[in-house]
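Derivation of every value follows stated rules applied to the coordinates shown; laboratory data play no part. These numbers were taken from a predicted model, which means no experiment stands behind them. Every residue, glycine as well, gets a Cβ built from its backbone with ideal geometry; the counts of neighbours run over all protein chains shown.
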């Protein structure tokens, strides 16, 4: 492996004028700088593109792709970015998330042994203030070497943390259908981690600031919909790969969701 491989950073963007500058600034201060930045604009109607174009002189390579129409989600822009990537490795970053300065360097140091590396995350709000988020599933998060079953039980891969070898993807891409919106990443990672040549690792250190936004997915109905979609993604994998041995894991997910709902009710009553 080249000790300083080129990394293609794929950033899907839609109306991100409030955050894209902070996101790109976190790339400017990366201690590992052998990368190209690929921004795919999903028909933004704000000043996102204007802001991005001002950064062309900060990076050795800044590629901007403008989608002809809005796809309704980040799956298609990410796929366009993957197809355009010229790096040996591909990293993903959402247009409102932020990388810590050592993020890429720490991951690159592990590439001699692993070809899929993700990290832990911290959380920030819409004003970039750090927030504490108690997650009951944290007890089941696996750090160190990551196996397919770890991911199938609990979705523990945040897309903005992922760095992987491009050849691992083969013909695999994010699912662009509406039914997989918001879980297209889980569906892809399930397929990638099930490959025999995938050697995955999760870093315990939080190297990405993941922005929590107030949107419909934060509501009770939104969380139920996300749970259903995650089950859909897992069922799709089971059917497509004839993995009936994983049906028990679906029941485990239902139990975890039920525990989460009970804890939420207790919290509301306590407040």
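Key figures for this structure:
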{"quantity": "Prolate/oblate/rounded call for the range 7-214, Cα gyration tensor, a/c under 1.5 rounded", "calculated": "rounded"}
{"quantity": "Rounded if a/c under 1.5, otherwise prolate or oblate - the range 70-137, Cα gyration tensor axes", "calculated": "oblate"}
{"quantity": "Degrees separating the helix 220-241 axis from the principal Cα axis of the chain, which is the longest one", "calculated": "90 degrees"}
{"quantity": "Per-residue Cβ neighbour rank within 10 angstrom, fewest leading, 244, 119, 132", "calculated": "132, 244, 119"}
{"quantity": "Neighbour-count ranking [beta-carbon atoms within 10 angstrom, fewest first] of 246, 212", "calculated": "212, 246"}
{"quantity": "Angle between the chain longest axis and helix 184-193 axis [Cα atoms, degrees, rounded to 10]", "calculated": "90 degrees"}
{"quantity": "The chain - mean residue ellipticity at 222 nm from DSSP helices (-39,500 (n - 2.57) per run, n ≥ 4, rounded to 500)", "calculated": "-11000 deg cm²/dmol"}
{"quantity": "Whole-number percent relative contact order across the range 150-251, with pairs defined as alpha carbons under 8 Å at least 6 apart", "calculated": "31 percent"}
{"quantity": "Cβ-based exposure ranking for 34, 4, 13, in which fewest neighbours within 10 Å come first", "calculated": "4, 34, 13"}
{"quantity": "Among 77, 68, 12, residue whose mean-square fluctuation peaks in a GNM of the chain (springs only between Cα atoms under 10 Å)", "calculated": "68"}
{"quantity": "Relative contact order for the chain, counting Cα pairs under 8 Å that sit 6 or more residues apart, in percent", "calculated": "20 percent"}
